[in-house]
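J.: Have a look at this one.
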Amino acid sequence: MHSKSEIETQIIKLIAEISEQSLNQSDIFTPFNELGVDSLMALELSVHIEREYNVCFDEEDLMSLSCINDIFTILNDRMQP
């Protein structure tokens with residue numbers, strides 16, 4: 001099982017790769033549009049998250065995402081034992 005900080009670090013790294021941006025922990029509340037993340041990138045991100053953490057993001061989830069922290073919130077809620 002991954003720790004919360006490991007998951008957060010991996011998600012930030014994944015978003016940085018997908019968006020081709022340099023991101024860090026200070027960017028978790030920056031809106032995705034300011035980070036250059038569009039809907040196709042969000043879909044790609046959701047596929048990676050589903051594969052890695054076995055957590056599915058439906059269309060409503062994807063539409064509700066506005067920043068990296070929103071992803072952490074959904075993951076924390078759905079990964080609870």
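Read-outs: derived from the displayed coordinates by stated rules, not from any lab. Quick caveat: nothing in here was measured; it's all calculated off a predicted structure. Every residue, glycine among them, receives a Cβ derived from its backbone with ideal geometry; neighbour counts consider all protein chains shown.
J.: With θ set to phi - 60° and the Karplus curve 6.51 cos²θ - 1.76 cosθ + 1.60, what are the ³J(HN,Hα) couplings of the range 28-36 in order, to the nearest whole Hz, using x for Gly and Pro?
T.: So the J values, rounded to whole Hz, are 5, 9, 6, x, 4, 5, 6, 8, x.
J.: If you split all Cα-Cα distances of the chain into 10 Å bins from zero, what percentages do you get per bin, shortest first?
T.: In order of increasing distance, the bins hold 18, 61, 21, 1 percent.
J.: Once amide H atoms are built 1.01 Å from N in the peptide plane, which residues 5 or more positions from C67, or in another chain, come under 5 Å H to H?
T.: F32
J.: What dipole magnitude, in Debye to the nearest 20, does the chain give about its Cα centre under +1 on Lys/Arg Cβ and -1 on Asp/Glu Cβ?
T.: It works out to roughly 300 debye.
J.: ³J(HN,Hα) across the range 48-63 via Karplus (A = 6.51, B = -1.76, C = 1.60, θ = phi - 60°), whole Hz, x for Gly/Pro?
T.: 4, 5, 4, 5, 6, 10, 6, 10, 8, 10, 8, 4, 4, 4, 4, 5
J.: Below 11 angstrom from the Cβ of L35, what's the summed charge of the other residues (Lys, Arg +1; Asp, Glu -1)?
T.: Once positives and negatives cancel, what remains is -4.
J.: Report, in deg cm²/dmol and to the nearest 500, the calculated mean residue ellipticity at 222 nm for the chain, where each DSSP H run with n ≥ 4 adds -39500 (n - 2.57) and the sum is divided by the residue count.
T.: Mean residue ellipticity at 222 nm (helix-derived): -19000 deg cm²/dmol.
J.: If you don't mind, another one. State, as an integer percentage, the relative contact order of the chain based on alpha-carbon contacts under 8 Å between residues 6 or more apart.
T.: 30
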